[in-house]
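J.: This is the structure I want to talk about, given as structure tokens.
The values are calculated or read from the model by the stated rules, or taken from the named source; none is laboratory data. The structure presented is a predicted model; accordingly, all values stated were derived computationally and were not measured. No Cβ is skipped: glycine too gets one built from the backbone with ideal geometry, and neighbour counts run over all protein chains shown. SASA here: full protein model, heavy atoms, side chains in, ligands and nucleic acids out. Shrake-Rupley method; radii C 1.70, N 1.55, O 1.52, S 1.80 Å.
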Amino acid sequence: MERWKGRVALVTGASVGIGAAVARALVQQGMRVVGCARNVDKIEKLAAECQSAGYSGTLIPYKCDLSNEEEILSMFSAIKTLHKGVDVCINNAGLAHNEPLLSGKTEGWRNMIDVNVLALSICTREAYKSMKERNVDDGHIININSMGGHRVVPSADEHFYCATKYAVTALTEGIRQELREANTHIRATCISPGIVETEFAFRHHNSDPEKAAAVYESIKCLKAEDIASAVTFVLSAPPHVQIGDVQMRPVEQVS
């Protein structure tokens, strides 16, 4: 990770869970991390914790609604002005709504597409543009996917969400191919966790907290820090090594 010291990483959805753990880990490794979310209060608190801990990097909170392209473009413009540009883009933000395929509301489907698919694609495009403008040839785009992007779980509440994560699987491979066609050494990686104990289930099952809690009580789940460790592993790979897809499950997870 030594070569990443002082360089700039964007982490989307950095206020809680995996995003917060990734932001902390990268700051600890000496990176300048722009952490974005709709609510930056928790990111500001995390930034203060990182500073108090004496980490060599810096966490810069940035308020951004990723379902709004204008806000994303404004964020990249600010990063260019204040920090020159993005060297690493961690597309972590994602959400799920209980909207089955046969009875779900279009609004919920659209929100999942806006955040899980379009925001990831816009951030990737803008990060690549930033790297290209500055002749950065060793940048990295990491998409935080899900095991739901590799198999459809037998739960109607998750089917549309899984479809958006299958899109992330395809997008990551498409990005890798386009980067090769561009004759660049910028890399693209997908990290696909199984069940991770975060706020995700409580947001997904917001009307049934008992159902959400049961998700995490059934087995010993992954922790957000486990995913952060995978991110640093991927970033620390030698420049000639392309890690395509890291699939991570709790040992006790069946599927």
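J.: On the full set of protein chains, 1.4 Å probe, figure out the accessible area of Lys63 and give it in Å² to the nearest 10.
T.: Approximately 140 Å² for this residue.
J.: Only four residue types carry charge here, +1 at the Cβ of Lys and Arg and -1 at the Cβ of Asp and Glu. Report the dipole size of region 103-236 about the Cα centre in Debye, rounded to the nearest 20. Write out the running numbers ahead of the final one.
T.: On the way: 15 positive and 18 negative charges, 65 e Å.
The calculation lands at about 320 debye.
J.: Give me the percent of Cα-Cα pairs in region 1-123 that sit more than 23 Å apart, rounded to a whole number.
T.: 31 percent
J.: Two decimals is fine: what's Rg over Rh for region 130-199, C-alpha atoms, Kirkwood radius as Rh?
T.: Values: Rg = 14.9 Å, Rh = 13.5 Å.
With Rg and the Kirkwood Rh in hand, the quotient comes to 1.10.
J.: Same structure again: Based on the mean of other Cβ atoms within 10 Å per residue, sort peptides 163-175, 15-27, 98-110 so the most packed one is first. Intermediate values should be presented prior to the final figure.
T.: Values: 163-175: 19.5, 15-27: 25.8, 98-110: 13.2.
Packing order, densest peptide first, comes out as 15-27, 163-175, 98-110.
J.: Please compute the per residue accessible area over region 2-246 with all protein chains in place, 1.4 Å probe, rounded to a whole number of Å².
T.: Numbers: 11470 Å² over 245 residues.
Ligands and nucleic acids excluded, the figure is 47 Å² per residue.
J.: In the full protein assembly as shown, how much of Lys80 is accessible to a 1.4 Å probe, in Å² to the nearest 10?
T.: Its accessible surface works out to 120 Å², give or take rounding.
J.: Once every Cα of the chain carries one equal point scatterer and solvent is ignored, give the base-10 log of I(q)/I(0) from the Debye formula at q = 0.08, 0.11, 0.12 Å⁻¹, two decimals.
T.: Scattering profile of the chain, log10 relative to I(0): -0.29, -0.56, -0.67.
J.: Of all accessible surface on region 2-246 at a 1.4 Å probe, what whole percent is carbon and sulfur?
T.: Numbers: 6050 of 11470 Å².
Of all accessible area on region 2-246, carbon and sulfur atoms account for 53 percent.
J.: Which cysteines does the chain leave without a neighbouring Cys Cβ under 4.7 Å?
T.: Cys50, Cys89, Cys123, Cys162, Cys190, Cys221
J.: May I ask you to work out the translational diffusion coefficient for region 140-252 at 25 °C, viscosity 0.890 mPa s, via Stokes-Einstein with Rh from the Kirkwood sum over Cα pairs, reported in whole µm²/s? It would help to have the intermediate numbers written out before the result.
T.: Numbers: Rh = 15.3 Å.
Reported coefficient: 160 µm²/s.
J.: Given contacts defined as C-alpha pairs under 8 Å and at least six residues apart, what's the relative contact order of region 1-76, whole-number percent? The partial results should precede the final answer.
T.: Numbers: 147 pairs, mean separation 22.1, N = 76.
It rounds to 29 percent for region 1-76.
J.: Where does region 1-71 land on Rg/Rh, using Cα atoms and the Kirkwood Rh?
T.: Working: Rg = 11.5 Å, Rh = 11.8 Å.
Rounded to two decimals, Rg/Rh equals 0.98.
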